Structures are given as structure tokens and as C-alpha cells.
1. Before we move on, is Ala112 modelled with pLDDT under 85 and of a type in the set (A, V, I, L, M, F, W, C)?
2. What about Pro140, is it surrounded by fewer than 16 Cβ atoms within 10 Å (Cβ to Cβ), within 14 Å of Cys58 (Cα to Cα), in contact with an Asp or Glu (Cβ under 6 Å, 6 or more places away or on another chain) and at pLDDT 85 or above?
3. If a residue must be on the phi > 0 side of the Ramachandran plot and at pLDDT 80 or above, how many such residues does segment 17-66 contain?
4. So which pairs qualify, if the first residue must be in segment 171-182 and assigned by TED's automatic domain parsing to the domain that holds Ala157, the second must be of a type in the set (S, T, N, Q), the Cβ gap must be under 8 Å, and the two must be at least 6 apart or on different chains?
5. I'd like to check something: does segment 146-165 contain any residue that is over 26 Å from the mean Cα position of the chain (by Cα), part of a loop (DSSP other than H, G, I, E, B) and either surrounded by fewer than 14 Cβ atoms within 10 Å (Cβ to Cβ) or assigned by TED's automatic domain parsing to the domain that holds Leu119 (or both)?
6. Going through segment 9-41 one residue at a time, which ones are in contact (Cβ under 8 Å) with a residue 40 or more places away in the chain, in a strand (DSSP E or B) and either buried (at least 19 other Cβ atoms within 10 Å of the Cβ) or among the hydrophobic types (A, V, I, L, M, F, W, C) (or both)?
Amino acid sequence: LQARFGVSFEQAAHRLTTLSRPTARGAPFFLMRVDQAGNISKRFASGAFPFSRFGGACPRWRLHSAFRTPGRIVTQIIETPDGQRWFTLARTVDRQGAGASSGAFTEGQDLAIGLGCELKHAHRLVYARGLDLGAPEVTPIGPACRLCHRHPCAERAAPPVDRPLTVDDWSKSVSPYPFADG
């Protein structure tokens, strides 16, 4: 799509979130753009993806690992706490705007674009070719660490705000923040 329409990856991805005409529906895509610290700077949804209203995206989502392979697309099938499954792809893009490529410090100025749709639409996408969509390898993710109740999680960056920590001096947890179930 980039080459066909002469646009950037981000522009093509953004446009995919708006292709929902009543007579010719495309796959309902969502889009999220993050920096390396996990700060979300853009989010759009044509579908019903449950974006976190507070905090960043789950560190288990490969959206964050896209920074390790700049310019390459990484795919992943994720499952949200409500049981919904999503096919996602992510890729880094160059930051645009003043100072993004000036003589100032520019390392780490990339952003990552995450694009996805409900798993039931993935068979229509070239990036899903070769994947077993009937019995896929699924990564459970949460909304954001402070709102997530998935336990145990080795990637957890913070404890949930509504659960007490259960620190035991005599045992070790996979999670750096073991917490009590609700």
C-alpha cells in the first residue's frame, strides 16, 4: 500500500482504520503509536479494541519488541482479558517534525506503530499467511500493568492499583509484584 499510494507506513496504517463503508466493509483495524518508553501518542479504532484509558500498552505485546528490529514487521496474536483475540502487526517508523533528525541527540527517536484486527479477519491479511489461525499460538495481554489482573507476569512493570501486594520472604514469584487475587 505504501508503494501503491506513495505514502508512509504510518499513513497507510492510519488509513486502514478508516475503511469502513456500509456497502463495502474492510477489516476493522485499530492503530496505536508508541515511543520506546511506552508513551502512547496516537490511537484509532475502527473495531472494538479495548484501549487502556490510563497508562501504556502491555509489555507482552510485540508492539514494544518492534524497536529491536527497526523497519521490520513483527506479528503476534494476542488475547485481551475479556477473551477477545486479535491479529496484530507492528513496525517502527521515523519520528517526524522539528528536531527529529537535526544535529541534536537522535538515537531512540523511532516510534512503533501497532496495527491489528479481530482474529476472525486475519485470514484476509497477507501477514497472517502461514499461521495456524484455527489453533493459533496466543499471547495473553492486559490493558496496562496498573490495571491488569493477569498473574503471574514476568514483564509486569507495576502492581495493580486495586490489589494488595503479597510479598513472601521465603518464596520467589515470577512477577516482581506478586499480588492477591480479587
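1. Here the answer is no, as Ala112 does not meet what is asked.
2. The answer is yes for Pro140.
3. Total satisfying the criteria: 1.
4. Partner pairs satisfying both residue conditions: Pro178/Thr166; Phe179/Thr166; Ala180/Thr166.
5. yes
6. Phe30, Leu31, Met32, Arg33, Val34
The values are calculated or read from the model by the stated rules, or taken from the named source; none is laboratory data. Treat the numbers as computed from the prediction; the structure is a model and nothing was measured. For neighbour counting, all protein chains shown are included, and Cβ atoms are generated from backbone atoms with ideal geometry for every residue, glycine included.
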